[in-house]
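Working notes, beginning with the structure itself.
The values are calculated or read from the model by the stated rules, or taken from the named source; none is laboratory data. Please read these numbers as outputs of a predicted model, since none were measured by experiment. Ideal geometry is used to build each Cβ from the backbone, glycine not excepted, and the neighbour counts take in all protein chains shown.
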Amino acid sequence: MKYLILKHYQGGPTPAVDYPPMDQWTPEEIDAHMQFMRDFGARLEETGEFVDVQGLSPAGAFIRYGGQGRLPITDGPFAETKDVIAGWYIIDVDSWDRAVELAGELSAAPGPGGEPLYEWLEVRPFMGAEAPKTAE
Amino acid sequence: MNDDAQLRELVPAVIGVLVRRGADFSSAEDAVQEALIRALQVWPEDPPRDPKGWLVTAAWHKFVDAARSETARQRRELVIDAEPPAGAVPAADDTLRLYFLCAHPTLPSAAAVALTLRAVGGLTTRQIAQACLVPEATMAQRIVRAKRRIEGLPLDQPGDLATVLRVLYLVFNEGYGGDVDLAAEAIRLTRQLIALTDNDPEVAGLLALMLLHHARRDSRTGPGGQLIALAEQDRARWDTALITEGVAILQTALARDRLGEYQAQAAIAALHADASQATETDWVQIVEWYDELLALTDSPVVRLNRAVAVGEADGAQAGLKALAEVAPDVPRHAAVAAYLHERAGDLSQAADLYAEASHAATNVPERDYLARQAARVRQGVRR
């Protein structure tokens with residue numbers, strides 16, 4: 001069953017911890033973060049659960065049809081204050097619970113001081129994959 | 001792999017034979033592709049004594065089958081019935097014409113790359129799709145549309161060598177996915193092109209450039225795929241055999257006194273390769289080559305890279321002065337500005353510029369590298 005793990009630049013629930021942008025970390029903190037991400041990806045490949053990983057450029061825009069004979073309407077690009085998707089993992093796992101487990105691991109990626117970022121990640125089942133029960 | 005390369009070397013010549021027998025390029029290319037896929041299945045078990053003859057026969061049968069099944073196309077039936085003998089045109093010319101056709105200026109770059117890899121390189125659609133990281137059906141369609149676009153173009157006219165070189169350089173920079181190394185494939189195709197163009201100095205310049213870049217490939221990234229800048233690379237890991245070959249090819253080309261942009265770029269790469277430590281780099285000569293390159297191309301990217309070289313040769317202030325002549329919207333402008341400001345001792349502005357460059361980066365390793373540079377400078381750490 002396939003799941004999309006979406007990482008947002010901004011948006012989602014209120015952040016659990018506040019941390020500065022990466023260019024204000026120390027180089028060692030960045031190295032530790034990158035190493036964690038590489039290890040996470042390598043583990044997924046080892047377990048046969050990896051499908052895809054992609055990063056998106058922050059610059060983008062909303063586009064819609066502009067009417068007959070007119071150019072499409074563009075809204076954006078926005079500053080990074082709006083909800084912008086930063087990238088994703090696609091995983092192929094046995095259950096929703098496993099998808100949650102992996103997203104939880106990914107969210108523990110270290111940030112400043114080597115502390116987990118506690119970053120919110122959005123997990124979306126592909127159509128046909130086991131979905132979570134609706135929150136009360 | 002070696003056998004595979006030998007098989008693929010035959011592909012353009014076999015297409016040429018079919019075209020001379022009266023097949024149109026598109027059908028001939030399809031037929032050879034089918035014969036090639038069959039060969040990859042059959043040859044490991046049952047290698048033919050005459051590989052080229054085997055491919056010609058198999059491809060011709062595929063072509064005849066395809067043409068017969070399209071009964072509406074009477075004209076093609078006639079061509080088959082007549083089955084003219086192979087003409088006197090040497091096969092080498094056929095191959096050269098295929099290069100021109102597949103890199104025809106009317107084709108979009110991605111289509112020219114795909115078609116060149118298939119008709120000249122002899123790769124299967126699946127291999128090309130894997131290497132370019134797109135679905136096989138997408139690549140198949142891209143090739144069909146490319147062939148439709150060049151349909152009816154005469155095969156017997158000289159083409160534009162500059163577009164061929166551009167396409168080969170694109171292939172070289174495409175990297176590698178699946179089991180095909182496109183950089184190595186680009187080198188093979190450029191090598192082959194040199195022989196076909198009577199040692200054209202720009203073709204040689206491109207080959208030298210590719211070899212000199214390829215020599216540094218293993219040292220360009222760390223164990224996790226992170227970028228390592230030229231100055232920090234472990235030069236002991238550079239491939240000296242490739243460097244020696246690249247430099248020799250470049251010197252022969254330069255001696256013919258017909259300078260072009262690839263020779264000038266290769267000369268810059270050769271000067272970098274020549275320094276056993278980054279600090280021994282002959283930046284003064286590199287600036288001179290950038291001046292030549294600028295005279296040849298007037299490219300804003302060259303102007304930007306020249307600013308880096310000027311910064312090394314004449315100091316950071318001179319580099320910043322050179323940078324002031326470059327439009328700020330040129331890709332990597334912020335990264336170069338950051339580097340020069342750091343060298344000038346203006347660390348806080350350098351850190352901000354590195355951060356800005358990181359946000360503007362168009363690939364993940366570059367983004368991560370620049371974010372780390374920002375962090376490093378912010379921390380006030382000196383190299």
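Worth a mention:
- The set of residues from the range A:20-55 being of a type in the set (Asp, Glu), more than 23 Å from A:Val93 (Cα to Cα) and surrounded by fewer than 16 Cβ atoms within 10 Å (Cβ to Cβ) comprises just one member, A:Glu28.
- Hey, A:Ile85 aliphatic (A, V, I, L, M), surrounded by 14 or more Cβ atoms within 10 Å (Cβ to Cβ) and modelled with pLDDT of 95 or more or not: no
- With respect to the conditions (1) assigned to a strand (DSSP E or B); (2) within 14 Å of another protein chain (Cβ to nearest Cβ), A:Thr74 lacks only one, and its number is (2).
One line per residue, one yes/no per condition, for (1) within 23 Å of B:Arg188 (Cβ to Cβ); (2) in contact (Cβ under 8 Å) with a residue 60 or more places away in the chain; (3) in contact with a Leu (Cβ under 8 Å, 6 or more places away or on another chain):
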| position | (1), (2), (3) |
| --- | --- |
| B:Ala253 | yes, no, no |
| B:Thr279 | no, no, no |
| B:Gln285 | no, no, yes |
| B:Leu294 | no, no, no |
| B:Ala318 | no, no, no |
| B:Lys321 | no, no, no |
| B:Val330 | no, no, yes |
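- So B:Val308, is it of a type outside the set (S, T, N, Q), free of Cβ contacts under 8 Å to residues at least 24 places away in the same chain, within 29 Å of B:Trp238 (Cβ to Cβ) and part of a helix (DSSP H, G or I): no
- Odd one out for B:Val42, checked against (1) surrounded by 13 or more Cβ atoms within 10 Å (Cβ to Cβ); (2) modelled with pLDDT under 90: (2)
Let's see how each residue does on (1) of a type in the set (A, V, I, L, M, F, W, C); (2) surrounded by 24 or more Cβ atoms within 10 Å (Cβ to Cβ); (3) farther than 20 Å from B:Ala5 by Cα:
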site	(1), (2), (3)
B:Arg118	no, yes, no
B:Val134	yes, no, yes
B:Arg166	no, no, yes
B:Ile194	yes, no, no
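- Within the range B:312-359, the set of residues being under 30 Å from the mean Cα position of the chain (by Cα), among the small types (Gly, Ala, Ser), over 22 Å from B:Ile268 (Cα atoms) and within 14 Å of chain A (Cβ to nearest Cβ) comprises B:Ala334, B:Ala338, B:Ala357, B:Ser358.
- Single match in A:Arg64, A:Arg98 (criterion: buried (at least 16 other Cβ atoms within 10 Å of the Cβ), more than 26 Å from B:Leu133 (Cα to Cα) and modelled with pLDDT of 95 or more): A:Arg98
- The set of residues in the range A:88-136 that are out of contact with any helix residue (DSSP H, G or I) (no Cβ under 8 Å at 6 or more places or on another chain) and in a helix (DSSP H, G or I) comprises A:Trp96, A:Asp97, A:Arg98, A:Ala99, A:Val100, A:Glu101, A:Ala103, A:Gly104, A:Ser107.
- Residues of the range B:336-358 that turn out to be more than 17 Å from A:Pro27 (Cα to Cα) and assigned to a helix (DSSP H, G or I), as a count: 6
- Selected residue (criterion: farthest from B:Arg367 (Cα to Cα)) from residues of the range B:191-243 that are within 14 Å of chain A (Cβ to nearest Cβ) and free of Cβ contacts under 8 Å to residues at least 40 places away in the same chain: B:Pro223
- Summed over the range B:370-383, the residues that are more than 8 Å from chain A (Cβ to nearest Cβ), surrounded by fewer than 21 Cβ atoms within 10 Å (Cβ to Cβ) and either polar (S, T, N, Q) or touching a residue at least 24 places away in the same chain (Cβ under 8 Å) (or both) give a count of 1.
- Residues that are of a type outside the set (Lys, Arg) and either touching a residue at least 12 places away in the same chain (Cβ under 8 Å) or buried (at least 20 other Cβ atoms within 10 Å of the Cβ) (or both) within the range B:296-305 comprise B:Leu296, B:Thr297, B:Pro300, B:Val301, B:Val302, B:Leu304, B:Asn305, listed in sequence order.
- Residue within the range B:310-319 that is of a type in the set (Val, Ile, Thr) and surrounded by fewer than 19 Cβ atoms within 10 Å (Cβ to Cβ) present: no
- Of all residues making up the range B:138-156, the number that are without any contact (Cβ under 8 Å) to a residue 40 or more places away in the chain and farther than 15 Å from B:Asp30 by Cα: 3
- Scanning the range A:7-18 for any residue that is assigned to a loop (DSSP other than H, G, I, E, B), without any contact (Cβ under 8 Å) to a residue 60 or more places away in the chain and within 14 Å of another protein chain (Cβ to nearest Cβ) turns up nothing.
- Within the range A:54-68, if we keep just the residues that are outside any strand (DSSP E or B) and in contact (Cβ under 8 Å) with a residue 24 or more places away in the chain, the residue that is nearest to the other protein chains (Cβ to nearest Cβ) turns out to be A:Pro58.
- Residue selected from the range B:360-369 under the condition at the interface with chain A (Cβ under 7 Å from one of its Cβ atoms) and assigned to a helix (DSSP H, G or I), by the criterion farthest from A:Ile85 (Cα to Cα): B:Asp368
- Residue match in the range A:117-124 (condition: of a type in the set (Phe, Trp, Tyr) and in contact (Cβ under 8 Å) with a residue 40 or more places away in the chain): yes
- Residue check, B:Ala351 of a type outside the set (Lys, Arg), in contact with a helix residue (DSSP H, G or I) (Cβ under 6 Å, 6 or more places away or on another chain) and closer than 30 Å to A:Gln35 by Cα: yes
- Complete set of residues in the range A:19-53 that are in a strand (DSSP E or B), more than 10 Å from chain B (Cβ to nearest Cβ) and under 29 Å from A:Pro77 (Cβ atoms): A:Val51, A:Asp52
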